[in-house]
Amino acid sequence: MPAPPPRVRRLLTALTVAVLLASTAACSDSNKEAAKPGEALASAKKQFDDTSGVQLKLTTKALPDGVDGLVDATGVATHAPAFKGDVELLVNGLSLKVPVVAVDGLVFAQLPFTTKYAEIDPAAYDAPDPAQLMRAATGISSWLTAATDVKKGDDIREGDTILTSYSGTLPGEAVVGAIPSADKSADFPVTFRIADNGQLQSVEVSGPFYGKGGDVDYTVTLSDYGTDEDITRP
């Protein structure tokens, strides 16, 4: 059988390449669809729970008028669980930023005009024990599998990292495990952002964290997975 003319051969080659590319794209799309939101969040929870520690920041731009509570907590958090860093509180309308160490179920703060740490009750300031944010059963990672009606959102690029967003609703009963002042009967809209390596990078959660005082928007950012620090009582 005679070989087809060069022009026909080129056309057949182009068609073959087009078919292969289309097949590859279809497989790629299929793989993306296979990574369902629940699976992605469960995988992110496992990575978070398995790491020794992270750099953690929990912050809000503002609290509602007349509401006292946690404005910012920034520091090292480990799965002891323990925390060491700085915490900013709003107390009687005044901003109070203090060094804090939380370990062994106790919280110590170096209060203004003092040179030593003293044990405090964070509930007295409507603030959480920051170390408890790391507990697998009731902390931040538990939100990943407690969220309902989760939908995958758009991908965004931050430097060399691609972040995928997943939005859903957290029942208040899941939120109070990490932040006890939250209304356990309410629903809290939440958005998780997970990096292309599967690690949870940030959480945005909104709702009545301080009773009827109004909704608060908190953002939790996590970085430096694998941080390892021995945090002890001051």
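The values are calculated or read from the model by the stated rules, or taken from the named source; none is laboratory data. These figures come from a predicted structure and were not determined experimentally. Counting neighbours? That spans all protein chains shown, and the Cβs are built from the backbone with ideal geometry, glycine included.
Exactly one residue out of 118, 136, 147 is touching a Leu at 6+ places or on another chain (Cβ under 7 Å) and closer than 25 Å to residue 79 by Cβ: that is 147. Pairs are defined by a Cβ separation below 9 Å, a sequence spacing of at least 6 or placement on different chains, a first member in region 202-219 that is touching a residue at least 40 places away in the same chain (Cβ under 8 Å) and more than 12 Å from residue 65 (Cα to Cα), and a second member that is of a type in the set (D, E, K, R) and in a strand (DSSP E or B); the pairs so defined are 203/193; 205/217; 217/204; 218/204; 219/57; 219/204.
Of the strands (runs of 3 or more DSSP E) entirely within region 87-187, those holding at least 3 residues that are β-branched (Val, Ile, Thr) occupy 94-103, 148-158, 161-171.
Contact map, region 118-137: first residue in the same structural domain as residue 76 (by TED's automatic domain parsing) and surrounded by fewer than 17 Cβ atoms within 10 Å (Cβ to Cβ), second residue assigned to a helix (DSSP H, G or I) and among the small types (Gly, Ala, Ser), Cβ cut-off under 7 Å, separation 6 or more or different chains; pairs are 136/142. Filtered by the rule that a residue be assigned to a loop (DSSP other than H, G, I, E, B) and within 14 Å of residue 143 (Cβ to Cβ), region 188-213 gives a lone residue, 209.
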